1. Return the subset of K22/K260; K32/K208; K221/K260; K99/K221; K216/K260; K112/K221 for which the Cα-Cα distance in this structure is over 28 Å, preserving the input order.
2. Any idea what the relative contact order of the stretch 91-229 is, in percent, if you count C-alpha pairs under 8 Å spaced at least 6 apart?
3. About the Cα centre of the chain, what is the dipole size in debye to 20, counting +1 per Lys and Arg Cβ and -1 per Asp and Glu Cβ, all else neutral?
4. Only Cα pairs within less than 10 Å get springs; with that Gaussian network setup on the chain, which residue of A13, A203, A131 has the largest fluctuation?
5. Toward the positive end of the charge dipole of the stretch 67-118, about the Cα centre and with charges on Cβ (Lys, Arg +1; Asp, Glu -1), which of M84, V105, L72 goes farthest?
6. May I ask you to compute the full-extension gain from A300 to D44, defined as 0.36 nm times their residue separation minus their alpha-carbon distance, rounded to one decimal in nm?
7. At a threshold of 8 angstrom on Cα-Cα distance, excluding pairs fewer than six apart, so keeping six or more, what relative contact order does the chain reach in percent?
8. How high is the FRET efficiency between D77 and E190 when r is their beta carbon distance and R₀ equals 41 Å, given to the nearest 0.05?
Amino acid sequence: MTGPEPLSQRLTALLGTRVQFKAPMNRHTYFKVGGPADILARPDNPEEMAEVIRLAELHGIPWRVIGDGTNLLVLDDGVRGLLMLLGRGFGTLRQHPSKSPYVRVTAGAGVKLPSLCRYATQNGLDGLTFAAGIPGTLGGAVMMNAGTPEGAMADVVESIRIMDRKGRLQEMPRDQLIFKYRRLSFRDPETDGQGVFPAVLEACLLFKRGDAELLKALVEKRLDARRKAQPMHQPSAGCFFKNPKTGMSAGELIDRVGMKGRRIGGAEVSTKHANYIVNRGDATATDILELARLIQSEVAARYAIDLEFEVQIVGS
Ligand code: EPU
């Protein structure tokens, strides 16, 4: 890192109290673990974000935007570089006028997925019922192609707006986006560069008009199923592993190798759903990672299946 002093001063001049140094990430992740990020910045609008990116690039500092931290495991040593949270200006929501059966809604990447889901339901917009109970921000949901077996963000995203490494805004129509299982990549190799996550600023979603009461009932049903099957009130990052392409789900595999309730330190394989690792209160990221590796080795030994992390590891 070159000249940390000037960088910290410039960021403070730009963002005031909306930049923190050595910011503990356990406050920003659903797992409630993770060491400090060197720099945690919260730009309020695209202009500020462009300036933060420009400064980070100028100083050769890696940066990335994070959402609500619902799907992240930040390691105990923390994160070298700069993380960005999206401030107020990224929380806008606009419905485009339409007389057709289809309705477009453009929402900022900082909008919470549950709020968007509620908005859609109340306005009789069909397209996001699969997302009932998925936490996090719209930006995170788009980048991860969040979803369930009932649907995924790929089904509703029509276009997105991103900011590239030079701080330039780019419209990305649907044909530039490659949605895979829990991952978005880009047709343009420059945007999709190795390990580089562009900043999603907003997404335009395409809904079909539906019946608000029917949508509400479906959302309630899905929420109820989740409450019954998943440990929603313990810190976790949702399902830890991706489901294998065919055959048994990750949860069923982990259950069958007898891992439910297995603990390392404060980390535990949920007794409710085996594909959840929960923090019992005093877990470290190391506990969670060790438990995840133990799960992988048990499942590999019994079923010769390599479970892949769905959760993203952040830090070194
Ligand atoms: N199962 C077990 N034991 C367990 C858990 C599950 O035997 O401990 C069995 C179930 O009985 C069922 C099968 O595994 O036969 C699938 O379980 P479930 O219906 O709970 O779905 P899942 O495949 O484990 C997926 C998503 C969830 C999403 C649910 C419900 C993935 C990796 N997981 O779970 O998404 O909420 O469907 O729609 O795609 C997430 O992405 O973080 C997440 C939680």
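Quick note: the coordinates plus some simple rules give every number you see, no bench work behind them. Since the structure is predicted, the reported quantities are computational estimates derived from the model, not experimental observations. Virtual Cβ from ideal backbone geometry, glycine too; neighbours counted across all protein chains shown.
1. On the way: K22/K260 35 Å; K32/K208 37 Å; K221/K260 26 Å; K99/K221 30 Å; K216/K260 33 Å; K112/K221 20 Å.
Listed pairs above 28 Å: K22/K260; K32/K208; K99/K221; K216/K260.
2. On the way: 260 pairs, mean separation 43.1, N = 139.
Worked out over the stretch 91-229, it gives 31 percent.
3. Working: 42 positive and 35 negative charges, 129 e Å.
Dipole magnitude for the chain comes out near 620 debye.
4. Of A13, A203, A131, the Gaussian network model singles out A13 as fluctuating most.
5. Positive-end residue among those listed: V105.
6. Working: separation 256, 0.36 × 256 = 92.16 nm, distance 4.54 nm.
Gain in length upon complete extension: 87.6 nm.
7. Details: 669 pairs, mean separation 55.7, N = 316.
That works out to 18 percent.
8. Numbers: r = 31 Å, r/R0 = 0.75.
Once the sixth-power term is evaluated, E becomes 0.85.
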